[in-house]
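Working notes, structure below.
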Amino acid sequence: QPVQQQPAISAVSNVKPENPTFTKTQAPPAPVAETKATGPVTIPGVIDFNVGGCKPEYPRASLRNEETGTVLLSVLIGADGSVADVKIDKSSGFRGLDNAVKSQLMSGSCKNKPGTVDGKPQQTWAKVQYVWKLE
């Protein structure tokens, strides 16, 4: 006598389970692990101090005192290439030199190459240094 197979799904219900499998506490770790595994490709923006409007003017007092040094900065470059924020990571040793670079970048006259995330212009932080030397 042949055995009659029962269909695998006998009934479909539209009733939602009372305890959903994904609760709010479980959701955040999954995307974090995902972004680290695949990760968006982020290319920081570029600041070229040789471009017109980017090179700061040597402060007169610093020239008189023959102050030189290298300023290390973190610069937040917007998707349009404008500077949104500047942080001094390491001082040149002279506040006048540090402030001259910072205010020149914040002045809006320096258009930079914006950073990209997965090929699209995005706001990104860039590390830059500016060397003050007497010529």
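Readers should treat all values here as calculations from the given coordinates under stated rules, not as data from a laboratory. From a predicted model like this one, the values you see are computed outputs, not experimental measurements. Reconstructed Cβ throughout: ideal geometry from the backbone, glycine too, with neighbour counts over all protein chains shown.
By the Stokes-Einstein formula, at 1.567 mPa s and 4 °C, the range 48-128 with its Kirkwood radius over alpha-carbon pairs has D equal to 98 µm²/s. As a rough footprinting exposure proxy, the listed residues Ile77, Ile88, Ile47 were ranked by other beta carbons within 10 Å of their own, and the order from fewest upward is Ile88, Ile47, Ile77. Taking the range 42-132 as the region of interest, the number of lysine pairs whose Cα atoms are within less than 24 Å, with members eight or more places apart or on different chains, is 20.
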